[in-house]
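The values are calculated or read from the model by the stated rules, or taken from the named source; none is laboratory data. Source: prediction; values computed, not measured. All Cβ positions, even for glycine, are placed from backbone atoms using ideal geometry, and neighbour counts span all protein chains on display. The area values use the complete protein model at the heavy-atom level, side chains included, leaving out ligands, DNA and RNA. Shrake-Rupley method; radii C 1.70, N 1.55, O 1.52, S 1.80 Å.
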Amino acid sequence: MRPLESVNDFVVKFANVNGSGSASSNQLFARAILRMGVPATPRNIFPSNIQGLPTWYEIRVSEAGHTAARGGGVDMMVAMNPQTWDQDVRSVEPGGYLFYDSTKAMPASRFRTDITVIGMPLTAICNDEYTDPRQRQLFKNIIYVGALSALLGIESDVVETLLREQFRSKEKLIAPNIHAMHLGRDFALKNLTCPIGLRIRRSEAVGDRVFIDGNAAAALGCVYAGATVAAWYPITPSSSLAEAFAKYCKKYRTDLDGKNKYAIVQAEDELASIGMVIGAAWNGARAFTATSGPGISLMQEFLGLAYFAEIPAVIFDVQRAGPSTGMPTRTQQCDVLSCAYASHGDTKHVLLFPEDAHECFTMAADSFDLADRLQTPVFVMLDLDMGMNDRLCAPFEWDDARRMDRGKVMTSEALESGVDFGRYLDVDGDGIPYRTYPGTHGKRGAFFTRGTSRDVYAKYTEDGTVYQDNMERLLRKFETAKQLVPHPVRRDAATPTRLGAIYYGSTAAAMDEAVELLAAEDVAIDCLRVRAFPFHDDVKRFVAEHDQVFVVEQNRDAQLRTLLMVECEIDPAKLVRVLHWDGSPITARIIADPIAELASALKIVPLRKAAP
Amino acid sequence: MTYLPKPRLHHPELPRNDLGFTRRDYEGAISTLCAGCGHDSISAAIIHACFELSLPPHRIAKLSGIGCSSKTPTYFLGNSHGFNSVHGRMPSVLTGANLANRDLIYLGVSGDGDSASIGLGQFAHAMRRGVNMTYIVENNGVYGLTKGQFSATADRGAKNKSGVANNDEAIDLVSMALQLGATFIGRGFSGDKTQLVPLIKAALSHRGAAFIDVVSPCVAFNNHAGSTKSFDYVREHNEAVNFLDVILSRAEIVTEYAPGSVREVTQHDGSVLRLRKLAEDYDVSDRIAACAYLQHRHAAGEIVTGLLYVDPEAEEMHDYLGTAIEPLNGLMEAELCPGAGALAKVNAGLR
């Protein structure tokens, strides 16, 4: 078997033991590739565990800029975990490479003959160099990064610079880390064949893009939007969003007296976190919570209150595989329906679907304007894959002229002028009434907020007509929302086609790549990326313009498809499910294969070819 | 309840407080509770206390959960903003509201089902967070709106209207509040307004988490023989530890008392709590002793009332959080948004 040869296009996977300190050295490796100007997309594949279980870190190197998981086997395995040795060796593509710690001899039966095996006595090198066990472990990780830099042709200066930046605040750690890196690098250069067939070559493909995880980007968006109150309960994979908000606030929101221009409360549960958000938003602060599916389940009752009493609230749902505890460290898009129709009674909620970290930032910032404008909960639907993994995305932008849209808020002056204030009075015909912040005016504007039915002046009533009028106004408001939420993004194939695909959220990267794969197989497909619910009229139009529309999702029950059928009254036969829901991120191949299959079954011949 | 509307006119010489408001300015809509309900007496006491403290009605936020007690905020402080939230979840909504604007006065009203049954968790966590508020539980030991089921504060052995005894141990919210770090704790009885009004005034002027448990008999479902929350039972077993006067800082203190019989506690806002002792050696500043005292008296079948604990120099949630002095809901873009320049630096750090 010829060893694989590839420049700037391959997959390297690290098999490690959870809690062994490998995360930061693996990230160092990924960053070194990026600093070479080559796009690299890492993914943490981790168990629900703190220490001891296997964990993997997979990096897809792609000069073309593909950030979705590639799928299939890996081109190079860095096997650092004896527990998973056999499955790790199996996962190497024929012709691929296996890098392992050769300190302890392994029987030949544990290897494969169709791959290149690169052994390096890492433990022996460490034991010779270090006496402290923790140092042996941590520096072992840096040593293999050094060795890999030589094997793959990564410049040592790049790694050195990164180490200097990483330990800027702990300067005495710089020299020992650089030393460990060279220990590995020098060994490889002296004893191993460098470089191997897989190589990193300097490029400009990264451009001005930034490298960040979606949770941190969303948190940054909250800071820019002017969110001041965050209440949350720890839950994977959303905790790092609240923690990033705390970190950014500490940096940007501390006043000259050292006082905080924000308040973050770790609540006792998700019921309390959404309750605090609703209380704070009722009182005029921009407030949010971050959670995942189980938290959404717990918040249901409060979400109905916020819908009916019309209180703005922003909820970040970083989705993970359910139901119940499900697979807490695996990704899915499985909360679409439970968020869209959250709570008992007739409810509908606004959902936003960011595609990457860049949109996590922009949609986080927009969600507060939307929540205030519409006076209703707004869900920003992330998932584990985009929330917890660093990813290249377009740099963040902000217009300093931008002002918060606080929506229809009755001021003290307006109340003083004697304007007819009815909390639930639809004065503009858009279904959105005016509100006041408590304490605004000495004599006017006070009202009672409640989840029970009331008239337009917020007075309690059980009059069926009044109740129904109010519920219908809420529908008008939802109609208004259609125009305000981010519109879908359409991208047509180069040639006319009757095939369409609808997708959303983190599926975008895989979809982009799938379109390329399909084009190479002469399958033309128009694409529509849905960015929000309620659906803009363009969504219905897109479906009408195509004979078959694939709805690509990462859940079992085709939840967005259901939403499309129900809300746009679309014939189910027109919407073809393309589903992936085993907890791993969707790949281009998973999307392209069923589409190509159906396209050939339909014998759809591209128009340009059909022409005589 | 009555369906007769309240008269719009009132006596021209109705007394006015320092803000020029009459008592009527602190009233709300007419109560829809049962005639003789203890809760209406509590509403009256709240109106009385706010009037006497000259609180600006529009600066009070009144919040509640679900249940008979949680309906009452409609019946007092009609010029205040109210929020009738979700069953058992008033504490979180109040906490959030307080985070947004630390300048308002927060009054939480709840019941025994709302706070001790479905909402025990939120009750506990609001206390331990030190939310600056007055939290009143109108405690009748039963669910009224659903017709008389026991709540978690019903005493073991107490009988319902059909004579069936409650088997479960009662939750004493006062003991819990003591253990959870509330910094003002009292218990009153809806049938004793002279004791209740000063308690509410003192709680409203307290900075920190103030909790008052008010035993408030349910005339429809828990006022029979065999109930331990009936008017007769509470009157018979009520043991007040002290008699409280609240003196606002601007009032001059003139009355003389025999040494040792009176204790004065100056609160953070300058108000003075003057306590005339009824129980010998009861020390309102000793949390541990208060816990023990309550257990002893409970074992003896007494219902201990009065101001039970106060820490006049208490800290509150915003102190712990280090929040800015100005309310968060008043901060604008200039104070909140780091701007494009900072973002360019963020981008640079992510490459």
Stokes-Einstein D in µm²/s, Kirkwood radius over Cα pairs - the range A:329-421 at 4 °C with 1.567 mPa s viscosity
81
Give me the residues in the range A:282-327 whose solvent-accessible area, probe 1.4 Å, is reduced by at least 30 Å² once all protein chains are included instead of the chain isolated.
A:Trp282, A:Asn283, A:Glu301, A:Phe302, A:Leu305
Counting only DSSP beta bridges with both residues in the range A:22-150, what percent are antiparallel, rounded to the nearest 5?
40
In the calculated pair distance distribution of the range A:212-272, what percentage of Cα-Cα distances lie above 16 Å?
42
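What Kirkwood hydrodynamic radius do you get for the range B:87-132 when you take the inverse of the mean 1/r over all pairs of distinct Cα atoms, in Å?
Numbers: mean 1/r = 0.0943 Å⁻¹.
Across the range B:87-132, the inverse of the average 1/r is 10.6 Å.
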Carbon and sulfur %, accessible surface of chain A computed with the full protein complex present, 1.4 Å:
51
What is the range A:489-610's relative contact order, in percent, from Cα pairs under 8 angstrom and six or more apart in sequence?
33
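Per residue, how many Å² of accessible area does chain B show with a 1.4 Å probe?
40
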Cα pair distances exceeding 22 angstrom across the range A:180-294, given as percent:
51
Helix A:239-252 versus the longest principal axis of chain A: what angle, 0 to 90°, nearest 10, using Cα atoms?
80
Using the beta-carbon distance between A:Thr103 and B:Lys193 and R0 = 60 Å, what value does 1/(1 + (r/R0)^6) give for FRET efficiency, to the nearest 0.05?
0.10
For A:Lys477, give me every one of the lysines with a C-alpha distance below 27 angstrom, ignoring sequence neighbours fewer than eight places off in its own chain.
A:Lys348, A:Lys408, A:Lys459, A:Lys540
Give the angle, between 0 and 90 degrees and rounded to the nearest 10, that separates the Cα long axis of helix B:120-129 from the longest principal axis of the Cα atoms of chain B.
60
Can you work out D for the range A:24-86 in µm² s⁻¹ from Stokes-Einstein, where Rh is the Kirkwood radius over C-alpha pairs, the temperature is 25 °C and the viscosity is 0.890 mPa s?
188
Residues with beta-carbon under 10 Å from that of B:Gly67, excluding B:Gly67: net charge, scoring Lys, Arg +1 and Asp, Glu -1?
-2
Report for the protein assembly as shown the percent antiparallel among DSSP-assigned beta bridges with both residues inside it, nearest 5.
35
Taking just the alpha-carbon atoms of the protein assembly as shown, what radius of gyration and Dmax come out, in angstrom?
32.8, 115
What number, in percent, do you get for the relative contact order of the range B:187-343 if the mean sequence gap of Cα pairs under 8 Å and at least 6 apart is divided by its residue count?
25
Neighbourhood net charge (14 Å Cβ-Cβ; Lys/Arg +1, Asp/Glu -1) for A:Tyr424:
0
Considering all alpha-carbon pairs of the range A:66-128, what whole percent are spaced by more than 13 angstrom?
64
Computed on Cα atoms only, the convex hull of the range B:1-126 has an orientation-averaged projected area in nm² of 8.1
How long are the three semi-axes of the equivalent ellipsoid of the range B:168-325, in whole Å, if each is the root of 5 times an eigenvalue of the C-alpha gyration tensor, listed from largest down?
27, 20, 15
Only helical DSSP H runs with n ≥ 4 go in: add -39500 (n - 2.57) per run for the protein assembly as shown, normalise by residue count and round the 222 nm mean residue ellipticity to 500 deg cm²/dmol.
-10500 deg cm²/dmol
With no solvent and one point on each alpha carbon, what is the Debye value of log10 I(q)/I(0) for the range B:23-330 at q = 0.12 Å⁻¹?
-0.73
Just the number, please: buried accessible area between A and B, total of both chains, 1.4 angstrom probe, nearest 100 square angstrom.
5000
With every protein chain present, what accessible area does A:Ser24 have (1.4 Å probe, heavy atoms only), rounded to the nearest 10 Å²?
60
For chain B, calculate the relative contact order in percent as a whole number, restricting contacts to Cα pairs under 8 Å that are 6 or more residues apart.
15
So the pair-distance distribution of the range A:285-331, from every Cα-Cα distance in 10 Å bins, comes to percents of 25, 48, 22, 5
So, in nm, how far is label A:Ser453 from label B:Glu335 when the simple model puts each one 7 Å beyond its Cα toward the Cβ?
4.2
Return the whole-Å distance between the Cα centroid of the range B:83-160 and the Cα centroid of the range A:508-569.
48
Longest principal axis of chain A (C-alpha) makes with the long axis of helix A:357-374 (C-alpha) an angle, in degrees to the nearest 10, of 10
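I'm a student and want to see the number: the projected area of the Cα convex hull of the range A:6-199, averaged over all directions, in nm².
Quarter of the Cα hull surface area: 10.7 nm².
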Mind giving me the FRET efficiency for B:Lys147 and A:Gln135? R0 is 56 Å, r the Cβ-Cβ distance, nearest 0.05 is fine.
0.20
Euclidean distance between Cα centres, the range B:6-77 to the range A:419-468, Å:
21
How big is the range A:412-484 on each of its three principal axes, counting only the C-alpha atoms and giving the largest first in Å?
33, 32, 18
